[in-house]
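Input: a single structure, listed below in structure tokens.
The values are calculated or read from the model by the stated rules, or taken from the named source; none is laboratory data. Worth saying up front: this structure is predicted, and the values here are computed from it rather than measured. Cβ coordinates were reconstructed from backbone atoms using ideal geometry, including for glycine residues, and neighbour counts include every protein chain displayed. In case anyone asks, the SASA skips ligands and DNA or RNA and just uses the protein heavy atoms, side chains included. Shrake-Rupley method; radii C 1.70, N 1.55, O 1.52, S 1.80 Å.
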Amino acid sequence: MTATDTHRAIEAVWRIESARIIAGLARIVRDVGLAEEFAQDALVAALQQWPESGIPDNPGAWLMATAKHRAIDHFRRNKRLERKHEELGRELQAQQEMAVPDFNAALDDNVGDDLLRLVFISCHPVLSTEARVALTLRLLGGLTTDEIARAFLASEPTVAQRIVRAKRTLSEAGVPFEVPRGDELAARLSSVLEVIYLIFNEGYSATAGDDWMRPALCEDALRLGRILAELAPKEPEVHGLVALMEIQSSRSRARVSSSGEPILLLDQNRALWDQLLVRRGLAAIERAEKLGGALGLYTLQAAIAACHARARTPEETDWARIVALYDTLAQLTPSPVVELNRAVAVAMAFGPAAGLELVDALIAEPSLGGYHLLPSVRGDLLKKLGRFDEAHSEFKRAASLTRNSRERELLLDRAAACAGGSPPQ
């Protein structure tokens, strides 16, 4: 194996194992920043040693053992936290330098609890939304600062500062390394789900840049959601969010042409939808519903996505049910964006005029002033009503508001098709 192959293997191992290692270390040292530092030290050691010595049989255990040694060295050097030093020393007693046969089993004893604690720490409400997203991708997604910066079109120093400040804030706030209970659990879980949802949405419909989608972010969010579903199996909204992401991800191949142009839902080749992901999504919805209670924010959105997934053709879509689901969603979480989506469903179920009436009522909504999808939806409905000059103006306005270049091209093409007051050919 060449040095390049070894480095690629190390990157793959790190992406898989880093969250588990950091979580295990954080349980011991009670400091996320220190835990990540020791884990990074182990990664550096692997990059230095494995090209020469070869990849160990159990690379995750090797990294954990090395990180623990770094932790002990740290406490020895600083001559503090003697109790922690003794605890770590006892864990490593009777172990050989790298690993003993049952070492991995010992590491797995608390892995579920450790990861769940790390999820709740990374998404703690004491942090800003941007900091939560960055820290979650760093600690649980295994992404580098550069990868996070590129994904969200931010500068690397900006993302690095967010991560440093987040770890400092958690330390200064004395956030306990534990899973919250009772009423606090619901509040904190909401924050965790929001972060995963934001990561997925940015991957599914990139806010800005040259790409319509960023599949790697969707994959990271889906992986985090699946982990959370294993760690919190009795939380229906966790399964609801996983269902939503599974079903939305199933359309990925159909959403973009071979040259990168966006393909809207009703124009997609449904034969390209990934039926395995669809089935997984529908099964996740079923799990959420079996847990009982009213459907929540994510489960309702998943149910809407499921209506599309079950339809073999656009004409078979149960738009009346989608309208009803949006009615429930609007009552649960009133929002102009939800109302806009509901207007689209109403237009599909009861005609473009009915939908346009609802959209026109949202024009004066301040929060939608710079939201490009408002004129985009309005343009689509005007086009269907044969009001092509107005549709042209709305598509042009939508194009001027979006920061995604692929979406801008799509909207300008739609505007051009309505130019001159004639229907598209």
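Please pick out the residue among E147, E172, E130, E156 that is open to solvent by 10 Å² or more (accessible area, probe 1.4 Å) and either small (G, A, S) or within 18 Å of L34 (Cβ to Cβ) (or both).
Details: E147 fails: either small (G, A, S) or within 18 Å of L34 (Cβ to Cβ) (or both); E130 fails: either small (G, A, S) or within 18 Å of L34 (Cβ to Cβ) (or both); E156 fails: either small (G, A, S) or within 18 Å of L34 (Cβ to Cβ) (or both).
It is E172.
Would you call A345 at pLDDT 95 or above and under 22 Å from E390 (Cα atoms)? Against the criterion (at pLDDT 95 or above and under 22 Å from E390 (Cα atoms)), A345 qualifies. Only one of the listed residues (R80, R70, R90) is among the basic types (K, R), modelled with pLDDT under 90 and surrounded by 16 or more Cβ atoms within 10 Å (Cβ to Cβ). That residue is R70. In region 34-48, the residues that are of a type in the set (D, E) form Cβ pairs under 7 Å with partners that are crowded, with 21+ Cβ neighbours inside 10 Å, at six or more places apart or across chains, as follows: E36/I22; E36/L139; D41/A67.
In region 6-48, the qualifying residues are those that are touching a helix residue (DSSP H, G or I) at 6+ places or on another chain (Cβ under 9 Å) and open to solvent by 50 Å² or more (accessible area, probe 1.4 Å), and the one that is nearest to D114 (Cα to Cα) is R27. Checking each residue in region 364-396 for being open to solvent by 60 Å² or more (accessible area, probe 1.4 Å) and free of Cβ contacts under 8 Å to residues at least 24 places away in the same chain picks out A364, P366, R387, E390, S393, K396.
Counting only residues that are surrounded by fewer than 15 Cβ atoms within 10 Å (Cβ to Cβ) and of a type in the set (A, V, I, L, M), which one in region 295-323 is farthest from S376 (Cα to Cα)? First the steps, then the outcome.
Residues of region 295-323 surrounded by fewer than 15 Cβ atoms within 10 Å (Cβ to Cβ): 310-316, 320.
From the residues that got through so far, the ones that are of a type in the set (A, V, I, L, M) too are 311, 320.
Details: A311: 24, A320: 22 Å.
The extreme case among them is A311.
Of the helices (runs of 4 or more DSSP H) entirely within region 111-227, those holding at least 2 residues that are more than 22 Å from M245 (Cβ to Cβ) occupy 111-122, 145-151, 156-173, 182-204. Of everything in region 175-189 that is in contact (Cβ under 8 Å) with a residue 40 or more places away in the chain and surrounded by fewer than 16 Cβ atoms within 10 Å (Cβ to Cβ), the residue that is nearest to S18 (Cα to Cα) is E178.
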